[in-house]
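A short reminder: the numbers here are calculations on the coordinates, not readings from a lab. Note that this is a predicted model, so its numbers are computed, not measured. So basically every Cβ, Gly included, is an ideal-geometry build from the backbone, and we count neighbours across all protein chains shown.
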Amino acid sequence: MGSRSKKMPHLGAFFGKYSIYVIMVLLFLISALLNENFLSVANLTNIFRQISVTTILAFGETMLVISGMIDLASGAVLALAGVLSITVYKATGSLLIAFAVGIGVGVLLNMISGILVAYFKTPPFIATLAITMVARGFALLFTKGQNIYQIGKYIIFGQGSFLGIPIPIIFMALMFLLTWYLLRSTRFGRSLYAIGGNEEAAVASGIRVTNVKFIAYLINGVLVGLAGILLMSRVNAGLPNAAAGYEFEALTATIIGGTSFSGGIGTASGTIAGAFIVGFLNNIMNLLGVNSYVQQIVKGVIIALAVVFDIAAKNKRTKPKEIASVLESGSAEKLIDTK
Amino acid sequence: MRKKVMVLFLIVLMAFSVTLFAAGTKEASSDTKRVVYIARAQGDSFAAWLANAIKDEAKKYPTLTVDVMDGQASDDRVNTLIENSIINKYDLIILQANNGEAQTPYVEKVVAAGIPIILTNPRIPGIKGTNSVDADPYEQGAVNARIAVNQIPKNATVVVLNGPAGNMHSTARRKAWEAEFFAKRPDVKIGGEQIANWNKDEAMKYMEDWVQALPKIDAVVSMNDNMAAGAIEVIKGNPKFANLLVYGVDGTAEAALLIKEGLMTTTSFQNAFELARLNMKMANDILSGVQTDLVDTDIDCPLITKENVQDLIDAYIATGDLK
């Protein structure tokens with residue numbers, strides 16, 4: 001009885017802690033069984049490349065959601081950053097300047113979001129919704145609603161490769177490392193968790209909440225600007241209408257990855273696992289030729305199940321701890337039904 | 001203090017918005033007639049092209065003022081704009097419907113109010129009292145499908161990219177491909193068919209997956225050029241697809257370049273300039289009393305191939321859309 005009871009909590013704790021990765025691996029294995037092409041290097045490279053833009057956005061959303069904020073404007077700002085970056089490239093011929101402009105536009109729009117949220121205490125949902133309209137409007141106004149073609153060497157960001165690895169994948173990996181490092185190993189990251197967990201307590205403990213929130217939006221701006229450059233170069237055109245709904249795809253990866261909308265919980269590795277889950281799903285359904293309408297239904301169901309499983313696994317992990325803490329407090333009688 | 005700053009900021013913002021709006025609105029004199037053009041969605045590149053072309057064409061008619069409204073691809077919004085246009089007593093309405101069925105009752109209100117209306121891209125069949133200028137979406141698909149019958153090899157595998165679900169143009173073009181090609185070529189297999197919502201990036205993702213899933217792809221049948229260009233983006237430079245046939249609709253600048261490079265096979269030109277010219281001419285004729293009968297006009301759907309694409313490219317260079 002002793003050894004058996006020792007094993008069960010370990011397995012439960014494992015699933016509780018790593019549930020989303022378990023789901024990701026299971027989905028990977030099932031996909032590999034369902035279609036022989038799934039495991040090919042070319043297909044897996046495709047998946048990584050296809051999720052790279054929304055995953056980079058998801059890293060920004062993760063940091064924001066952990067601290068109790070959100071960005072609904074990332075798709076529109078991405079589009080504006082991309083078309084302006086391309087326009088500058090066509091005017092100057094300089095990839096470096098164009099890259100800087102793309103990042104700069106992302107940072108500028110998010111600076112405004114940050115000012116509205118951090119300093120004017122505007123609800124992030126409202127502030128970034130407003131920025132969505134502004135950014136999309138500017139993108140359409142600037143381009144008169146038309147796509148920008150003949151972008152020449154600009155495509156290198158989204159279609160080039162380095163040592164055989166597509167550049168978008170390299171950027172995704174770098175942004176994962178950056179996000180992981182910021183969240184795990186910096187005071188800024190710890191502040192994000194503290195603010196998301198309990199903002200008042202964070203203020204009381206001396207965290208400069210306003211500054212941290214503002215900086216979170218600035219970092220998000222870098223990620224959004226980068227995503228815009230990568231997307232436009234990948235599609236070989238400046239598309240002012242592009243990326244509509246990308247913020248929701250990013251949020252989907254974030255939430256599936258275990259980031260909590262109530263704040264204080266989330267990790268970069270969870271987010272990338274969430275992105276892979278969505279990427280595997282999309283890919284295997286396309287490989288199997290599943291109808292568009294059915295794909296939407298299946299995606300919705302699997303995403304809901306993945307989140308429910310993750311929450312249930314986390315709750316199971318928490319319950320034994322609660323019981324243990326009650327026992328330690330000497331209030332064991334609370335566990336006994338005295339009626 | 002922060003609240004006062006916020007209030008001041010909001011007042012300035014409101015004043016700014018009102019000023020911008022006033023600056024954007026032209027005041028009509030008693031000699032000019034007011035026309036409103038309700039665009040389906042100025043965020044859609046073709047609809048934006050048409051809206052821009054109408055604005056440019058309107059400059060040729062000094063007795064007309066044209067206001068352009070954006071339906072934002074929403075039936076509800078388009079219907080609201082129609083109602084507002086009736087209330088604002090426009091002299092003529094040009095409507096690019098988002099959904100013919102959804103807009104029908106509101107178009108009937110316009111007719112009942114005695115306001116002349118031109119339906120364009122698309123016309124809505126079956127409504128009395130309307131004029132129309134359109135390009136037949138069935139024919140747009142059919143001109144490509146008819147030539148594809150002889151071009152696509154025997155026992156080919158094709159992939160199909162569709163526009164948004166329920167979109168009339170996409171549906172009509174797809175019907176044309178069904179009747180003019182697939183019905184005549186039962187040997188051809190559809191390896192994959194998805195909705196890419198007119199979007200290049202969505203089409204790219206589907207094509208990337210199809211390249212992995214299918215042993216061969218001989219042709220891409222796309223309901224617009226944007227999606228066709230997305231599919232081409234995936235396979236360009238890949239010798240395995242050197243003979244891939246790709247068909248689209250619209251005749252965009254990008255498609256023209258792709259046809260010239262030999263990467264795209266054909267497209268049918270949906271000439272927004274011609275649509276705009278005919279719409280504004282009709283509006284002027286109606287409001288000046290020259291046209292008294294109801295008129296339905298169609299523009300051609302010329303097939304653009306490698307042989308005639310240079311004319312289209314030259315036209316785009318002349319308008320500055322290409323260099």
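Okay, here's what the table says:
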item: Relative contact order of the stretch A:18-314, defined on C-alpha pairs under 8 angstrom at six or more residues apart (%); result: 35 percent
item: Length gained when the stretch B:Ala102-B:Lys323 is fully extended (0.36 nm per residue, less Cα-Cα span); result: 75.5 nm
item: Chain A: calculated mean residue ellipticity at 222 nm from DSSP helix runs of at least 4, using -39500 (n - 2.57); result: -25500 deg cm²/dmol
item: Stretch gain in nm, segment A:Ser185-A:Ala201, where the contour uses 0.36 nm per residue and the Cα spacing is subtracted; result: 3.7 nm
item: Measure of compaction for chain A (Cα Rg per 2.2 N^0.38 Å); result: 1.10
item: Structure-based [θ]222 nm, chain B - -39500 (n - 2.57) summed over DSSP H runs of at least 4, per residue, nearest 500; result: -15000 deg cm²/dmol
item: Amide N proximity, the stretch A:113-145 versus B:Val12 label position 7 Å along Cα-to-Cβ, cut-off under 18 Å; result: A:113-122
item: Spin-label zone in the stretch A:95-110 - amide nitrogen under 17 Å from a point set 7 Å from the Cα of A:Leu178 along the C-beta vector; result: A:96-110
item: Positive-end extreme of charge dipole, the stretch A:126-217 - chosen from A:Gly164, A:Leu183, A:Ala139 (charges on Cβ); result: A:Gly164
item: Separation between Cα centres of the stretch B:125-184 and the stretch B:200-219, rounded to whole Å; result: 21 Å
item: Globularity index of chain B, i.e. its alpha-carbon radius of gyration over 2.2 N^0.38 Å; result: 1.13
item: FRET efficiency, A:Lys17 to A:Phe142 (Cβ-Cβ, R0 60 Å, nearest 0.05); result: 0.80
item: Taking chain B and dividing mean pair separation by its residue count, relative contact order in percent (alpha carbons under 8 Å, at least six apart); result: 15 percent
item: Where labels lie 7 Å past Cα in the beta-carbon direction, separation of A:Leu44 and A:Ser161 in nm; result: 1.4 nm
item: Label-to-label distance, nm, for residues given as A:Leu218 and B:Ser74 (7 Å Cα→Cβ offset); result: 3.5 nm
item: FRET efficiency, B:Leu294 to A:Lys299 (Cβ-Cβ, R0 60 Å, nearest 0.05); result: 0.80
item: For A:38-44, mean number of other protein chain Cβ atoms within 10 Å; result: 2
item: Fully extended contour minus Cα-Cα distance, from B:Glu83 to B:Lys306, at 0.36 nm per residue; result: 75.7 nm
item: For the protein assembly as shown, alpha-carbon Rg relative to the globular expectation (2.2 N^0.38 Å, N residues); result: 1.07
item: Shape category assigned to the stretch A:127-198 from the gyration tensor of Cα positions, a/c cut at 1.5; result: oblate
item: Net +/- balance of residues flanking B:Gly191 in space, Cβ distance below 12 Å, scoring K and R +1, D and E -1; result: -1
item: Simple Cβ-charge dipole of the stretch B:257-314, Lys/Arg +1 and Asp/Glu -1, about Cα centre, in debye nearest 20; result: 180 debye
